[in-house]
Amino acid sequence: MRGPLPGAPTEKEFCRPETEHATPITVYAGAECSAPGFSYEEARAQALASLALGEQHAVEAGFMRTKLTQDALDITPAEGPLSMAQGVAALEGCLAENYGGVGTLHVPAGAAALLGCCNILREDPATGTLRTLVGNCAVIGAGYSYLNQGPGNIPADPGTAWLYITGPLVIRRGPIDVIPDRGRASASVNIRNNDRRVLAERTWLVGTTCTICAVNVRVCE
C-alpha cells in the first residue's frame with residue numbers, strides 16, 4: 001500500500017463519540033398464602049429468597065430480549081447454522097473487526113457443554129473466569145437458554161442455539177424494594193379473601209458497547 005505523496009494534503013476523519021443507553025430491567029418475586037399461619041416476616045423472607053434464586057436468570061432474559069436481540073448483526077451464513085467452534089470463531093472475528101477491546105461471549109446454558117470441544121474456553125487461574133483463547137470473557141446463562149432468541153426476537157429452530165458477542169458489560173443494580181414494607185405490614189393482607197401477599201423487586205441496568213454480533217449454531221449433530 002502506497003501512502004500519500006510528500007507534500008500532498010491528507011484529509012483526516014474525526015469521529016464523535018456515540019451515545020449508548022440501557023433499558024431498565026425490573027425483576028420481582030412475590031409470596032402469597034393464606035394469612036392465618038403465614039406471618040408477614042415469613043412472606044417477606046420467602047419473597048426475598050425467591051428473588052435471590054431467580055434474579056440472574058431474569059436479568060439475562062431481560063438483557064437478551066431488550067438489547068441483544070434488538071441491536072445485533074446476524075452473521076449466520078446463508079447455508080445455515082454453524083458448529084459451536086465455527087460460531088465462536090465467527091463472533092470473535094466480527095468483534096475484532098468492529099471493536100478494539102475485550103469482548104463478552106453470551107452462551108445459553110443449554111449449549112454450554114459444547115464449549116468443551118476444541119478447547120474453546122479456558123479458565124483464567126487468576127480470576128476464575130472463563131475466557132476464549134483470544135481472551136474474550138464468556139457468560140453462560142440460564143436466561144439466554146430460556147429464551148434462545150435470535151435478532152428480532154425470533155425463536156431458535158429446534159436443535160440450534162443463538163450465541164452473541166458484545167463488548168464489556170457495565171452492570172448497575174438498585175436496592176431491593178419490599179412491598180409493603182415493615183411499617184405497613186398489615187397492608188399485605190387482602191381482607192376480602194384473607195390472603196397475604198408480599199412482593200420483592202429490584203431494577204437493573206445492563207449496558208454494553210454498540211458492537212453486537214449474533215450467530216446461530218447447531219447443538220444437535
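The values are calculated or read from the model by the stated rules, or taken from the named source; none is laboratory data. Keep in mind that this is a model prediction, so the values were computed, not measured. Don't worry about glycine lacking a Cβ; one is built from the backbone with ideal geometry, like all the others, and counts go over all protein chains shown. Heavy atoms of the whole protein, side chains included, go into the accessibility calculation; ligands, DNA and RNA do not. Shrake-Rupley method; radii C 1.70, N 1.55, O 1.52, S 1.80 Å.
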Residue list for the range 179-204, restricted to those being open to solvent by 40 Å² or more (accessible area, probe 1.4 Å) and under 21 Å from the mean Cα position of the chain (by Cα): GLU201, THR203
Against the conditions (1) surrounded by 16 or more Cβ atoms within 10 Å (Cβ to Cβ); (2) farther than 22 Å from CYS137 by Cα; (3) among the hydrophobic types (A, V, I, L, M, F, W, C), where does ALA49 fall short? Just the number, please. (1)
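Does ILE176 meet the test of being among the β-branched types (Val, Ile, Thr) and open to solvent by 80 Å² or more (accessible area, probe 1.4 Å)? Reasoning before the result, please.
Numbers: among the β-branched types (Val, Ile, Thr): yes; open to solvent by 80 Å² or more (accessible area, probe 1.4 Å): no.
It is false that ILE176 is among the β-branched types (Val, Ile, Thr) and open to solvent by 80 Å² or more (accessible area, probe 1.4 Å).
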The residue from ALA111, ALA138, ALA78 that alone is farther than 17 Å from LEU169 by Cβ and in contact (Cβ under 8 Å) with a residue 24 or more places away in the chain is ALA111
Only listed residue being open to solvent by less than 50 Å² (accessible area, probe 1.4 Å) and in a helix (DSSP H, G or I), chosen from LEU95, LEU114: LEU95
Out of the residues in the range 114-135 that are within 20 Å of the chain's Cα centre (by Cα) and touching a residue at least 40 places away in the same chain (Cβ under 8 Å), which is nearest to GLY100 (Cα to Cα)? THR132
